[in-house]
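Read through the structure below, which is laid out as structure tokens, and then see the notes.
The values are calculated or read from the model by the stated rules, or taken from the named source; none is laboratory data. Keep in mind the model is a prediction, meaning the values are calculated, not measured. Every residue, glycine among them, receives a Cβ derived from its backbone with ideal geometry; neighbour counts consider all protein chains shown.
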Amino acid sequence: MIRKHHTQFTETELATLLNRETEIEKVKPAVSAILQDVKTRGDAALIEYTERFDGVSISSIEVADDTVSEVFDLIDPEILWHLETAADNIRRFHESQLEPDLWLSEIAPGITLGQKTTPLDCIGAYVPGGKASYPSTALMTIIPAKVATVPEAVICTPPMPTGDGGMGDRSRGEGAHQVIHPLTLAAASIAGADRIFCVGGAQAIAAMAYGTETVPAVDMIVGPGNVYVTAAKMMVPTRIDFPAGPSEVLIIADESAHPDFIAADMIAQAEHDPNAVSVLVTTSEAIADEAFALIRSGRAEALRSEIIKKSLEKSAILIFDSIDDCIEFSNMFAPEHLEIMVKDPLGSLNGVCNAGSIFVGDYAPVSAGDYASGTNHVLPTAGHAWTYSGLNVSYFTKKSSIQIIGKEGLSQIRDTIVAIAEEEGLDAHADAVRVRFSADDSG
């Protein structure tokens, strides 16, 4: 981990920290072949890739409804209560994002303008799986779609390796539903998913983009994934949420911050992935030193210590002369997660322009947004927060402008339309207006 004053930061070190794109170009040829194969062979290709890449043989791709219902009996009721609690918070926050149809009062006599919001017909959510389970991602991707009243929301998630516990141990080889983690199935049900498919990787993205005999073609694909999933999302013609790579956090701190909180949050971020990035920018040499020491001592105690070690090698602690300088660097970095731990956090918040999700105050760790505060944890990474918003209800809708125009209203803008249309050489456009007044003009 780098620890230095920002003036000692070399151009190479800065470029490495800012250039966080995943190795998408390297995997594109392999992903392209998978996309074409699934497009051509459909379900047969999905079953073959599931056995090849996940080591699981499945006889069916879709999870049966009664199996989803039965899975609730396998889960600790306390965990189910926590999933329901998180879902309630996520639902309430996203309901606040709903936009009513817009009607603008007459801008001129006879002209009324408006905007109509309509949900997409069918969306697909990718929920990572395999050796780990991510029920929180099922909640984060499906709930906002259902809040937006999307009629059909489907999930693709890879199977657990057989023998890893959960339902995989109880029914080896009996179909897709037996090898998806029970928590993921329960979360998908709680969120309101309409259909669930046991398929992961680039092949899952292909299935949702092109459709197969079993998996429907969707209007939009959302959700995080590895480099193969991300590359596939960027290569299919279907609308997607945004490019996303390894997770990241940037923390802005002054002398009032708690170094143990900072160290804990940076280690937590590092356990996601060896390529995850954690950055502390601070005005305090003491905070930098204490956090650095705590990180070095604490990383070895975590369960995923090897992953954390590799991630923290890519991470940094930078010292700046002022909070404004810290904010300026943060805006350039455009982090997925931004934590603000300063004496005047709301004042600093005003200067933030580029961040996927912002956590304000000493008691607002990224973990809160990851699971239960209610905001969405599906966020742009690798600097894409410069231009993209995190997943929200508006991603699942489309907006149509409306104009209600009577004869009096058209007469108000008649000359303007005709003049501009003629200037562009589009006489038929001008005639489409003139014809409506031809009787009046001839009279």
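Identify, please: which residue in the stretch 229-273 is acidic (Asp, Glu) and not in a strand (DSSP E or B) and is, among those, modelled with the lowest pLDDT? That would be 273.
Selection of first residues in the stretch 5-33 that are outside the structural domain of residue 312 (by TED's automatic domain parsing) and loosely packed, with under 11 Cβ neighbours inside 10 Å and of second residues that are aromatic (Phe, Trp, Tyr) and part of a helix (DSSP H, G or I), restricted to Cβ pairs under 8 Å at least 6 apart or on distinct chains, gives an empty result.
Residue pairs whose Cβ atoms lie under 7 Å apart, sitting 6 or more positions apart in sequence or on different chains, and linking a residue in the stretch 219-232 that is within 11 Å of residue 200 (Cβ to Cβ) to a partner that is part of a loop (DSSP other than H, G, I, E, B) and not hydrophobic (A, V, I, L, M, F, W, C), are 225/128. Filtering the stretch 83-105 for residues that are more than 23 Å from residue 220 (Cβ to Cβ), of a type in the set (Asp, Glu) and out of contact with any strand residue (DSSP E or B) (no Cβ under 7 Å at 6 or more places or on another chain) leaves a non-empty set.
Scan the stretch 98-127 for residues that are among the β-branched types (Val, Ile, Thr) and touching a helix residue (DSSP H, G or I) at 6+ places or on another chain (Cβ under 6 Å) and the total you get is 3.
Need a quick list: strands (runs of 3 or more DSSP E) entirely within the stretch 327-410 having at least 1 residues that are among the small types (Gly, Ala, Ser).
Output list reads 357-360, 397-405.
Residues that are surrounded by 20 or more Cβ atoms within 10 Å (Cβ to Cβ) and either closer than 14 Å to residue 292 by Cα or out of contact with any helix residue (DSSP H, G or I) (no Cβ under 8 Å at 6 or more places or on another chain) (or both) within the stretch 315-325 comprise 315, 316, 317, 318, 319, listed in sequence order. Residue count for the stretch 209-262 satisfying the condition of being of a type in the set (D, E, K, R) and under 15 Å from the mean Cα position of the chain (by Cα): 4.
A Cβ distance below 7 Å, combined with a sequence gap of six or more or placement on separate chains, defines the contacts here; from the stretch 237-261, residues that are more than 30 Å from residue 297 (Cα to Cα) reach residues that are of a type in the set (Ser, Thr, Tyr) and assigned to a loop (DSSP other than H, G, I, E, B) in the pairs 242/388; 244/381. Which residues, counting only those in the stretch 1-25, are out of contact with any strand residue (DSSP E or B) (no Cβ under 7 Å at 6 or more places or on another chain) and assigned to a helix (DSSP H, G or I)? Those that are out of contact with any strand residue (DSSP E or B) (no Cβ under 7 Å at 6 or more places or on another chain) and assigned to a helix (DSSP H, G or I): 7, 8, 11, 12, 14, 15, 16, 18, 24, 25.
Can you find even one residue in the stretch 263-276 that is surrounded by fewer than 17 Cβ atoms within 10 Å (Cβ to Cβ), over 25 Å from the mean Cα position of the chain (by Cα) and over 17 Å from residue 338 (Cβ atoms)? No, that holds for no residue.
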